[in-house]
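Accompanying notes for the structure given below.
The values are calculated or read from the model by the stated rules, or taken from the named source; none is laboratory data. What you see is a predicted model; the values in this text were computed from it and never measured. Glycine gets a Cβ as well: all are built from the backbone with ideal geometry, and neighbour counts include every protein chain shown. When the accessible area is computed, the model is the full protein with side chains, heavy atoms only, and any ligands, DNA or RNA have been set aside. Shrake-Rupley method; radii C 1.70, N 1.55, O 1.52, S 1.80 Å.
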Amino acid sequence: MSTVRTLAGAVLCVLFAASSACDEARTPFVIPDGGSNASPLCVPGATQACLCAAGASSVQSCNQSGSGWSPCECLAPTPDVVVDTTPTPDAVVDTTPTPDAVVDTTPTPDAVVDTSPTPDAAVWNPTVVGSACTGDHDCGGYTCMTSELLVAFGASDLKVPGGMCTELLCDASSCGDGASCVDLEVMFGASVRICLKNCVGAADCRHDEDYACAPVFETGAQKYCLPASFIAELD
């Protein structure tokens, strides 16, 4: 617009040939347009609503000179949250059948019960010591002393007619009532303890089988049933 007004002044100079007019034409003739004398468009610092993209609203401020409004203060659009719609694979369930526990059906063997009869403990029967015998089985847990057994002991001159139940290497509790543990060291030259039946007279012994009632020790008051060969050895 200023340029057009300047050209018009030049034309007037030519038409009127007036130097003063030409000088004035050469000076730009500016019509104030938004200058310092122009009326303000807005109150500095004021705000007003404005529209942003996608229909969103915001505010804009009047500049310090009041000559215009600042750009609309639109916030950058917040990106939508990306939701992963990929289906989650189902958990793999192991459908393999669990093998049944192996149950041992082998029958448990019955506990072996020993049904063998327990041998009866030796019952010290006072009628056994001094009784006739052919073997230990006749003596109820005692030993059957025979002439053959004495030969093994080196006493071949001693005889035991019909055998005699006794206990070798006895002690005070071995012979039971009616019998005593007697050491025949005086006969054998070494300690040989055997059970002998106690007696008072010949009737208490097997007198019909050559047994007699006699003391073993000269000073002893107790008498015992002994084979005659034993008594002879003691004399």
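One table, with the values for the structure above:
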read-out: Selection from region 150-167 of residues that are open to solvent by 50 Å² or more (accessible area, probe 1.4 Å) and not charged (D, E, K, R); value: VAL151, ALA152, PHE153, GLY154, SER156
read-out: Residues being surrounded by fewer than 14 Cβ atoms within 10 Å (Cβ to Cβ) and either in a loop (DSSP other than H, G, I, E, B) or modelled with pLDDT of 95 or more (or both) - total across region 192-224; value: 8
read-out: Condition check for THR95: open to solvent by less than 100 Å² (accessible area, probe 1.4 Å), farther than 30 Å from SER39 by Cβ, part of a loop (DSSP other than H, G, I, E, B) and at pLDDT 75 or above; value: no
read-out: Tally, over region 172-191, of residues that are surrounded by fewer than 16 Cβ atoms within 10 Å (Cβ to Cβ) and under 23 Å from GLY140 (Cβ atoms); value: 3
read-out: Residues within region 127-148 that are surrounded by fewer than 18 Cβ atoms within 10 Å (Cβ to Cβ) and not small (Gly, Ala, Ser), tallied; value: 6
